[in-house]
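What follows is a short report on a single structure.
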């Protein structure tokens with residue numbers, strides 16, 4: 001029975017990640033070229049991770065500004081909260 005909850009939690013978390021990726025892809029054409037390259041780069045250096053976090057934050061804010069009526073951000077929040085609550089359940 002517990003495995004069902006794990007599957008549901010993992011499914012909700014995967015859906016939340018997919019929604020966040022869709023948000024970033026929707027805003028990607030509006031980001032500068034270095035920001036887009038930083039999102040594509042895969043590296044383990046702490047400075048790159050910090051810079052990537054900054055770019056993701058900027059992409060989130062830009063999505064809020066450019067698409068104020070988009071429900072993707074709400075869907076992301078609901079899926080992430082649902083995944084967290086199903087783990088606690």
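General observations
- When the chain is treated as a Gaussian network with alpha carbon springs shorter than 10 Å, the biggest mean-square fluctuation among 73, 36, 50 belongs to 50.
- Gaussian network model of the chain, springs between alpha carbon atoms under 10 Å - residue of 59, 16, 33 with greatest fluctuation: 33
- Remark: spin-label model distance residue 36-residue 70 equals 1.6 nm, labels positioned 7 Å along the Cα→Cβ axis.
- In this label model, residue 56 and residue 2 are separated by 2.9 nm, measuring between points 7 Å along each Cα→Cβ vector.
- Helix 2-27 axis, angle to the chain major axis (alpha carbon atoms, nearest 10°): 20
- Our summary gives region 2-88 a relative contact order of 58 percent, counting only alpha carbon pairs under 8 angstrom and 6 or more residues apart.
- Gyration tensor (Cα) of the chain, equivalent ellipsoid semi-axes in angstrom: 28, 17, 9
Values in this text are rule-based calculations from the coordinates and carry no lab data. All figures in this text were calculated on a predicted structure; none of them were measured in a lab. So basically every Cβ, Gly included, is an ideal-geometry build from the backbone, and we count neighbours across all protein chains shown.
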